[in-house]
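Read the structure below first, then the notes.
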Amino acid sequence: MKILILSCNTGEGHNAAGHAVEEAALARGHEVNFVDAMQLGKRHTSRLISGLYIGIVKHLPWFFGFIYKLGMLISNRHFKSPVYWANAKLAKPLASSSKKEIMTLW
């Protein structure tokens, strides 16, 4: 089986979980590509998002908590959170990426 794992560099929780899935899949003989999904955006998207996230969590943890809870409150089947819309912007570059392009991000 070929498995594509999309993660992001916002802290290390996403990457740690993704790498655990990758390790288990590789142990079972599957082919795995682990990609920072933010690299599908514009040139500096991954670094910008990562830096912004880490800066907010480090210096304004209360603000991160507020935004996180607000996103949870407003997310439902009728209204999507800002994180949903931010991730949706990467859907088109992902859909148009070739296997070769994905492999170079890996």
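The values are calculated or read from the model by the stated rules, or taken from the named source; none is laboratory data. Here the structure is a predicted model, which is why all the values come from computation and not from measurement. Using ideal geometry, Cβ is built from the backbone for each residue, glycine included, and neighbour counts are taken over all protein chains shown.
So is ILE54 surrounded by 15 or more Cβ atoms within 10 Å (Cβ to Cβ), assigned to a helix (DSSP H, G or I) and touching a residue at least 24 places away in the same chain (Cβ under 8 Å) or not?
On the way: surrounded by 15 or more Cβ atoms within 10 Å (Cβ to Cβ): no; assigned to a helix (DSSP H, G or I): yes; touching a residue at least 24 places away in the same chain (Cβ under 8 Å): yes.
It is false that ILE54 is surrounded by 15 or more Cβ atoms within 10 Å (Cβ to Cβ), assigned to a helix (DSSP H, G or I) and touching a residue at least 24 places away in the same chain (Cβ under 8 Å).
Residues checked against (1) closer than 19 Å to LYS92 by Cα; (2) of a type in the set (Val, Ile, Thr); (3) modelled with pLDDT under 90; (4) outside any strand (DSSP E or B):
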{"position": "THR10", "(1), (2), (3), (4)": "no, yes, yes, yes"}
{"position": "ALA16", "(1), (2), (3), (4)": "no, no, no, yes"}
{"position": "ALA25", "(1), (2), (3), (4)": "no, no, no, yes"}
{"position": "MET38", "(1), (2), (3), (4)": "yes, no, yes, yes"}
{"position": "LYS42", "(1), (2), (3), (4)": "yes, no, yes, yes"}
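So, of the residues in region 57-72 that are loosely packed, with under 12 Cβ neighbours inside 10 Å, over 30 Å from ALA95 (Cβ atoms) and among the hydrophobic types (A, V, I, L, M, F, W, C), which turns out to be farthest from the chain's Cα centre (by Cα)? Per the criteria, the residue is TRP62.
Residues being farther than 14 Å from ASN87 by Cα and either free of Cβ contacts under 8 Å to residues at least 40 places away in the same chain or small (Gly, Ala, Ser) (or both): count how many of those fall in region 8-49. Adding up the residues that qualify gives 26.
Restricting attention to region 78-99, the residues being within 14 Å of the chain's Cα centre (by Cα) and not in a helix (DSSP H, G or I) number 2.
Conditions tested, residue by residue: (1) out of contact with any Ser or Thr (no Cβ under 6 Å at 6 or more places or on another chain); (2) basic (Lys, Arg); (3) on the phi < 0 side of the Ramachandran plot.
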{"residue": "GLY11", "(1), (2), (3)": "yes, no, no"}
{"residue": "ASN15", "(1), (2), (3)": "no, no, yes"}
{"residue": "HIS19", "(1), (2), (3)": "yes, no, yes"}
{"residue": "GLU22", "(1), (2), (3)": "yes, no, yes"}
{"residue": "LEU26", "(1), (2), (3)": "yes, no, yes"}
{"residue": "HIS30", "(1), (2), (3)": "yes, no, yes"}
{"residue": "ALA37", "(1), (2), (3)": "yes, no, yes"}
{"residue": "GLY41", "(1), (2), (3)": "yes, no, yes"}
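Give the number of residues within region 4-25 that are aliphatic (A, V, I, L, M) and exposed (fewer than 14 other Cβ atoms within 10 Å of the Cβ).
Summing the residues that are aliphatic (A, V, I, L, M) and exposed (fewer than 14 other Cβ atoms within 10 Å of the Cβ) in region 4-25 gives 4.
The single condition among (1) part of a helix (DSSP H, G or I); (2) modelled with pLDDT of 80 or more; (3) surrounded by 13 or more Cβ atoms within 10 Å (Cβ to Cβ) that VAL32 does not meet is (1).
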